Structures are given as C-alpha cells and as structure tokens.
Amino acid sequence: MGYTSKDLQELQEFYEHQLLNDTVPFWFPRSVDQEFGGYLLMRDQDGSLIDDDKAVWIQGRAAWLLSTLYNTIERKQKWLDGAKSGIDFLNNHCFDTDGQMFFHVTRDGKPIRKRRYFFSETFAVIANAAYAKASGDEAAAEKARYLFGKCIEYATTPGLFPPKYADTRPSKGIGVPMIMMNTAQQLRENIGDPRCDEWIDKWINEIETYFVKDDIKCVMEQVAPDGSIIDHIDGRTLNPGHAIEGAWFILHEAKYRNNDPKLIALGCKMLDYMWERGWDREHGGIMYFRDVYDKPVQEYWQDMKFWWPHNEVIIATLLAYSITGDQKYAEWHKLVHDYAYKHFYDKDNGEWFGYLHRDGSIAQTAKGNLFKGPFHLPRQEWYCLQLLKEINK
C-alpha cells in the first residue's frame, strides 16, 4: 500500500505541527544565551540545562535552522534575532588563531577542544549562508564563501590537520564527500557560488566510484585509497543511517537537476542497499553499526537505535517515493516514521530522546549534548514539510 493524496496531506499537517508547535518551541527561545550569545543546548528531557558548554557544530546548525525557518516558513523577527546570536558567537569565539575552528568551547567562548577535521567549518558555512539570505548581511555571505573555500582546501590538501592514525593502513571515509556535497547544496541554494556544481559532481563521483559496492550491495563508510575493502574491524564497519543520509543528498541533487535519472538510480540504489543492511526486522528501527560481512562489530552500541539515522531515513524514503512513485518507498517511509514517532518522541515534554536500546526502550533521557541538538529532527520535519507542500500542490 502506498500513500493516498489524503495520507500525504495528513503527513504534511503532521510535520508542520511537530516542527512549529513541538520541536522548535522545545529549543527556542529559551536556548538563546542572552548573556554571552550563541545557544545553551545541552538539555534533559524536560528542557532543564545539564551543561552550559557549547558544541561548535551545533551552534552553527542551530543558526542555520533559525535562518532557514525565517527564509522558508515565516519572517519572524525572533528567529532572525536568534540566528544572529549564533552567527555572532561563532564568528567571535569559535575560531582559533590559525583560522581553524574549535569543536567544544565554554559558555563564554573559551576553547576546550579542537578536532582533526573541519566539520565545524562546514556548519559555519551553511549557517552564514542561510543567515546572509535572511538578513542581507554581505559580511555573512563573504564569510560563507570564504569558509567554503577553506573547506575545499582542507578536503583536498593532505597534511593540513595532524593525523589521527599512522600511515600503515591508509584509508578514506565517505563523510567528507557527503558533508561537502550538502554544504555546497546549501550554499548554492541560499546565496549562490559558482564553484558548487563542479565540486558536487566530483563528490558524487567519489562516492559512487569508491564507496558504493554493487557486487555485495553495500555502501562502505571507509575504504582503502583505491576503493578496496579494508578487511579489519574498522574497515568493515557500516553505518546504514549515515549512508542513507548520503543517498538523500544525491536524490536532492537529482531533483535539483530536473530529476536526473542517473542520480535517481544512484541514490535509490544506496537507499535500497543500506535499508536491507540496517532495518531491524525483529524490533524495528535502524541499527547503528553493522559489519559488511556480518561479523561481530567492535562498538558496544552497535545495535542501539540513535535518533538521527531515523531522521535521515524518514527524509530519504519520502524523497525517493516523491521522485519515483515506487510504493516500496512509501511502505518503508511509513515503517520508519511510525517506529520513530512511537519510540523516540517524548509526548510529555516534546522533542525526541536521542538514544534507545535495541528493543526500543529509552537508554538515557538527554535531548541535547555535544552531538545532539536542534538539527537532525527539525531538519527532517522541515524538509519533509517543504517536500509535501510541493507534492500536495
């Protein structure tokens, strides 16, 4: 059974209600730090603060969200003001003297930790780009484009960051081409940049050439430099939800390019492969890690259910259905949507719990920490809402 037009209208109303009356109000306005700027996002199930440190990733993500709501839903001054608080905090406190960004800072912006990669910068790109569109602030637009260039430099120049591993067993991960593709898409759609199309092509080609394995129907998280599978525990570990996030980035690009059939085929193939690898047929939900050869996975949380893969699979299945009309994707969307809103959603306090045991029971109650905040869930509800508005026209 697929979705009727009535079903799709009800889904649109559901996502709109959850986004604007539940998810966003859980975080804002209370998370805007009126004293130091930025956002206080480490919160327990009832919204009470459990830590006042700030994860730089999520400062950027939250500023992107508020700017995007302003750009696409309603021009509310409180959203624009809230976005500016995050942008100012990022630009004033989250850059080291070498130009690279921190990962973790104190409430007032003192550095605690830096990472060996540049994901803080990618989120600063999308935040500044969305804010520049919302506010007309040309300095934010310039910052977004400058940081995008730095991200390209970081992604393509070995040795700019201290290595995490020795060079005995070289590898490369799918995370960089994935996040750079989506960063470029956000930059292009908000303020434009002539570099985006060419680089998006390169990153899609890298994913297809090195990480998508048709012979074993799989999308790898990391591979050797030549694309071969590294037959050790780390090299064999799959993250189905992450690969499916990459699938919807490619489907989004296919849609942008007037339903490019090659990109549709690639995105749907990635979704198909990793749904089969990730969906828990016994308990429902997407399992966090799998082994490519079904051997034991090292991480003890491998069979847990994390919130964000479910957000990504909800987007991917609905997007695949909207593009292809294949009833299979409607059925998968209903499965993952129903599971997620039954198990993750906190009907008493709003928002989602982040972490479940395999059987769907709550592992811990935090709604916000160094990795979870107002991004994956509100982005999912926002994206699905925008998609359904198009479909239901």
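Tell me the mean residue ellipticity at 222 nm calculated for the chain from its helices only (DSSP H runs of n ≥ 4, each -39500 (n - 2.57), averaged over every residue, nearest 500). Each step should come with its number before you reach the end.
On the way: 14 runs with 206 residues, N = 393.
Mean residue ellipticity at 222 nm (helix-derived): -17000 deg cm²/dmol.
Remark on residue 363: its backbone amide H falls under 5 Å from those of 355, 356, 357, a criterion applied only to residues 5 or more positions apart or on other chains, H modelled at 1.01 Å from N. Annotation: amide H-H contacts under 5 Å for residue 218 (H modelled 1.01 Å from N, sequence separation of 5 or more, or interchain): 213.
Amide H contacts of residue 45 (H built 1.01 Å from N, in plane; Pro and chain starts excluded): 367 sit under 5 Å, all sequence-distant by 5 or more or on other chains. At a probe radius of 1.4 angstrom, the accessible area of the chain per residue rounds to 42 square angstrom.
Please identify every one of the GluC sites (Glu not before Pro) in segment 1-71 that sits in a loop by DSSP and has no more than 15 other beta carbons within 10 Å of its own beta carbon. All intermediate terms of the calculation are to be shown ahead of the outcome.
Values: sites: 10, 13, 16, 35; in loops: 35.
Listed in order of number, the matching sites are 35.
When the P(r) of segment 31-162 is calculated, the portion above 21 Å amounts to 39% of the C-alpha pairs. Build a GNM of the chain with springs between Cα atoms under 10 Å apart, and of 74, 331, 253 the one that fluctuates most is 74. Beyond 14 Å, the tail of the calculated P(r) for segment 192-238 holds 56 percent of the Cα pairs. Our estimate of slack between residue 17 and residue 214, defined as 0.36 nm per intervening residue step minus the Cα-Cα distance, is 66.9 nm. Given R0 = 22 Å, the distance between the Cβ atoms of residue 256 and residue 195 translates into a calculated FRET efficiency of 0.90.
For the chain, with all protein chains in place and a probe radius of 1.4 Å, 49% of the accessible heavy-atom surface sits on carbon or sulfur. Taking 4 °C and 1.567 mPa s as conditions, segment 1-106 diffuses translationally at an estimated 85 µm²/s according to Stokes-Einstein applied to its Kirkwood radius (Cα pairs). Could you sort out which of 133/255; 76/328; 133/342 sit more than 29 Å apart by Cα distance in this structure? The answer is 76/328; 133/342.
Each listed q (0.12, 0.13, 0.19 Å⁻¹) maps to a log10 I(q)/I(0) for segment 223-311 from the Debye sum over equal C-alpha point scatterers, namely -0.42, -0.49, -0.91.
The values are calculated or read from the model by the stated rules, or taken from the named source; none is laboratory data. Because the structure is a prediction, the values reported are computed rather than measured. Positions of Cβ are backbone-derived with ideal geometry, glycine not excepted, and every protein chain shown enters the neighbour counts. Only protein heavy atoms, including side chains, enter the accessible area calculation; ligands, DNA and RNA are left aside. Shrake-Rupley method; radii C 1.70, N 1.55, O 1.52, S 1.80 Å.
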